[in-house]
1. Suppose we keep only residues that are in a helix (DSSP H, G or I) and hydroxyl-bearing (Ser, Thr, Tyr) within region 23-60. Which one would you say is nearest to Asn82 (Cα to Cα)?
2. Here are the criteria: (1) within 21 Å of Tyr114 (Cα to Cα); (2) open to solvent by 40 Å² or more (accessible area, probe 1.4 Å). Tell me which single one Tyr38 does not satisfy.
3. Of the residues in region 46-60, how many are in contact with a helix residue (DSSP H, G or I) (Cβ under 9 Å, 6 or more places away or on another chain) and under 19 Å from Ile106 (Cα atoms)?
4. Kindly check whether there is at least one residue in region 18-35 that is open to solvent by less than 40 Å² (accessible area, probe 1.4 Å) and not aromatic (Phe, Trp, Tyr).
5. Can you tell me which residue in region 69-113 is least open to solvent (accessible area, probe 1.4 Å), limited to those that are free of Cβ contacts under 8 Å to residues at least 12 places away in the same chain and charged (D, E, K, R)?
6. Tally the residues that are open to solvent by less than 40 Å² (accessible area, probe 1.4 Å) and over 24 Å from Ser97 (Cβ atoms), restricting the search to region 52-68.
Amino acid sequence: MTLLYPPPDPRGKSRPLTWVVVVLVAAVALILFWSFRYYPEKKAAGHFFEAVAAGDMNRAYQIWKPGPNYSMQDFLADWGPNGYYGPVKSFEIGEASAPRGGSGVIVSVKLSPYAPFPSADDAEKSRRTRTVRIWVETKDKSLTFPP
């Protein structure tokens, strides 16, 4: 160590490594956020459809958190075994999206009258699969049909 050969500067070597670590952590955080941003709403829809598929309509009606103008009779006309969307024996939660300025999330769910959920290779059973969109309110996780 003389004037012509000064000691190396240790600060210069770790700076690029620090930026790489910061960028990687930010990318992982962004990917995790993007993947799980509607997780609570999808979970609420999953609980509802588990109750419907099990035939527990009282529990499903409670999870739905209906307003005063949506009676149990109306609920059964929609979701019951002989209802418009019934019978529901299995389901698959799909995509979720939040419209601008909305207070909830729209969750797409594939419903099937067969248990277990039919594979894409089974054309006969897949033909009866239908997709339903459900509005899940963000604050209280109540469910309704989308506006």
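The values are calculated or read from the model by the stated rules, or taken from the named source; none is laboratory data. Just so you know, these numbers come straight off a predicted model, no measurement behind them. Virtual Cβ from ideal backbone geometry, glycine too; neighbours counted across all protein chains shown. Surface areas here come from the heavy atoms of the whole protein model, side chains and all, with no ligands, DNA or RNA. Shrake-Rupley method; radii C 1.70, N 1.55, O 1.52, S 1.80 Å.
1. Looking at residues that are in a helix (DSSP H, G or I) and hydroxyl-bearing (Ser, Thr, Tyr), I get Tyr39.
2. With respect to (1) within 21 Å of Tyr114 (Cα to Cα); (2) open to solvent by 40 Å² or more (accessible area, probe 1.4 Å), Tyr38 is out only on (1).
3. Qualifying residue count, region 46-60: 6.
4. Within region 18-35, not a single residue is open to solvent by less than 40 Å² (accessible area, probe 1.4 Å) and not aromatic (Phe, Trp, Tyr).
5. Result: Asp78.
6. 1
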